[in-house]
Amino acid sequence: MITYEQCQQWDAEDKLADLKSQFDLPEGVIYLDGNSLGAKPKQALACAQDVINQQWGTDLINSWNKAGWWDLPVRLGNKIGKLVGARENETVVTDTTSMNLFKVLAAAIGIQQQQDPQRKVIIAERDSFPTDLYMIQGFMALINQGYQLKLIDHPHALPEYINEQTAVIVLSHINYRTGYLHDMAAINQQAHAHGALLIWDLCHSIGAVPIDLNGSNSDFAIGCTYKYLNGGPGAPAMLWVHSQYQTAFNQPLSGWWGHAKPFDMAVNYTPANNVRRFLCGTQPIVSMSLVECGVNIFLQTDMQAVRQKSLQLTDLLIKLIEQECGGFGLTLITPREHSHRGSHISVRHCHGYEIVQALIAHGVIGDYREPEVIRLGITPLYLSFTDIWQAVQCLKQVLETKQWAQPQFQTRRQVT
Ligand SMILES: *Cc1c(COP(=O)(O)O)cnc(C)c1O
């Protein structure tokens with residue numbers, strides 16, 4: 001039996017506990033949705049004020065040089081790169097994850113077309129976050145060269161699918177719905193053994209688990225900054241390309257920010273000789289500037305410590321749900337093995353949507369994903385062991401009293 005006192009004890013021993021004070025969270029809220037929109041770092045407001053008042057308001061156009069706006073995508077990329085095992089100048093912050101997938105997919109297919117044009121199969125998971133599949137479909141329709149998208153139904157099926165026809169594999173490092181975590185190094189090895197290139201979508205793993213892109217011999221990666229990294233709503237995404245591929249092929253969104261000499265204002269496009277060639281046009285400086293605030297908090301600790309607490313918290317959440325909420329029809333869909341578990345817990349319930357709405361009404365904020373999935377995100381920087389206890393007590397109460405059946409929890413909103 002786990003008790004509240006035990007959770008208090010773990011809080012007292014928690015070496016990351018102090019980091020919570022660097023976030024602004026409303027009183028009385030237990031935020032279990034940092035995997036969808038990270039919480040606001042306190043520093044963000046001062047940063048926004050500086051960017052808007054000083055850099056924009058006072059320094060005006062000078063800020064492209066003076067405040068380093070022009071270099072911001074690479075400077076921030078290098079900071080985030082420290083969290084994912086990148087070398088200097090392999091990472092940029094730019095555009096959206098969806099757009100970045102398009103760019104790296106085009107680059108990867110371009111490399112394969114030069115090396116081995118017979119490869120015409122792209123592999124992804126049916127359970128991918130849909131935008132990944134949509135972007136692949138859009139890219140295939142655009143180039144119209146007989147590429148085929150093969151969807152696998154279970155991560156274990158991957159080895160059977162990879163062969164000499166495979167051009168590119170697109171995988172989520174951690175599945176957004178189930179929280180399944182892939183073994184990055186092992187899969188890279190399988191892909192490379194057959195000559196395939198791999199694109200990792202890190203949206204649910206960057207800032208959630210330790211990642212070593214170079215150590216695991218990865219090719220390309222993309223990912224969000226507004227989830228675990230706490231970059232702010234709609235903050236631009238990251239894009240990482242292994243140094244060996246940076247200049248191997250160009251991406252087709254060849255805007256002037258990716259040009260070797262943008263201010264030559266040349267008629268013809270010449271790509272920059274580095275990761276800047278993955279930039280397209282003028283970047284959203286205000287939003288991008290805030291990304292740094294979240295990353296700065298991560299750089300005060302290390303991803304091993306974050307992972308250790310994340311596993312302690314997800315273990316606790318699983319055990320408490322079983323201990324306190326047995327017999328209410330909840331089914332765990334997140335892997336129990338640490339080696340395959342990300343940093344959120346998903347449980348299925350036939351009234352999952354209504355339960356999530358009832359929890360939110362009590363200040364326990366998680367979210368709902370089709371079909372029937374209650375998703376509870378674990379962000380070790382601002383969650384405590386007693387938070388998990390309280391969240392499960394609230395879940396128990398909602399289930400015991402059948403509060404979820406109240407009419408106000410039945411209406412589907414635009415964003416679930
Ligand atoms: C959140 C998420 C995205 C979002 O892409 P955007 O372009 O930022 O909307 C993409 N892929 C995965 C796996 C995600 O979890």
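The values are calculated or read from the model by the stated rules, or taken from the named source; none is laboratory data. The model shown is predicted, which means the values in this text are computed figures rather than measured ones. All Cβ positions, even for glycine, are placed from backbone atoms using ideal geometry, and neighbour counts span all protein chains on display. With ligands, DNA and RNA removed, areas are computed over all heavy atoms of the protein, side chains included. Shrake-Rupley method; radii C 1.70, N 1.55, O 1.52, S 1.80 Å.
The table for this structure:
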| quantity | calculated |
| --- | --- |
| Conditions (1) closer than 24 Å to R277 by Cα; (2) surrounded by 24 or more Cβ atoms within 10 Å (Cβ to Cβ); (3) within 16 Å of the ligand (Cβ to nearest atom): number failed by K227 | (1) |
| Single residue of Q113, Q49, Q22, Q8 found to be outside the structural domain of V291 (by TED's automatic domain parsing) and without any contact (Cβ under 8 Å) to a residue 60 or more places away in the chain | Q49 |
| Pick from the range 333-367, criterion open to solvent by 10 Å² or more (accessible area, probe 1.4 Å) and assigned to a strand (DSSP E or B), ranking: farthest from K227 (Cα to Cα) | R348 |
| Residue that is least open to solvent (accessible area, probe 1.4 Å) [pool: residues in the range 1-34 that are in a helix (DSSP H, G or I) and small (G, A, S)] | A17 |
| Filter result (open to solvent by 10 Å² or more (accessible area, probe 1.4 Å), hydroxyl-bearing (S, T, Y) and within 11 Å of the ligand (Cβ to nearest atom)) within the range 173-217 | Y176 |
| Near pairs, Cβ below 7 angstrom, 6+ apart or cross-chain, from the range 132-157 (closer than 19 Å to Q190 by Cα and in contact (Cβ under 8 Å) with a residue 12 or more places away in the chain) to any residue that is surrounded by 11 or more Cβ atoms within 10 Å (Cβ to Cβ) and of a type in the set (G, A, S) | L149/A124; L151/A124 |
| Selection count, the range 81-107, where residues are within 15 Å of the ligand (Cβ to nearest atom), open to solvent by 20 Å² or more (accessible area, probe 1.4 Å) and over 16 Å from the mean Cα position of the chain (by Cα) | 1 |
| Counted residues, the range 383-412 - those being closer than 14 Å to D33 by Cβ and surrounded by fewer than 24 Cβ atoms within 10 Å (Cβ to Cβ) | 1 |
| Residues of the range 387-416 classified as touching a Phe, Trp or Tyr at 6+ places or on another chain (Cβ under 7 Å) and modelled with pLDDT of 95 or more, total | 3 |
| Hits in the range 102-137 - residues which are in contact with a Gly (Cβ under 9 Å, 6 or more places away or on another chain) and farther than 20 Å from R277 by Cα | Q115, D116, R119, K120 |
| Breaking point among (1) modelled with pLDDT of 95 or more; (2) surrounded by fewer than 19 Cβ atoms within 10 Å (Cβ to Cβ); (3) farther than 30 Å from D33 by Cα, for P159 | (1) |
| One residue from I143, I122 being crowded, with 24+ Cβ neighbours inside 10 Å, β-branched (V, I, T), more than 11 Å from the ligand (Cβ to nearest atom) and more than 21 Å from E337 (Cα to Cα) | I122 |
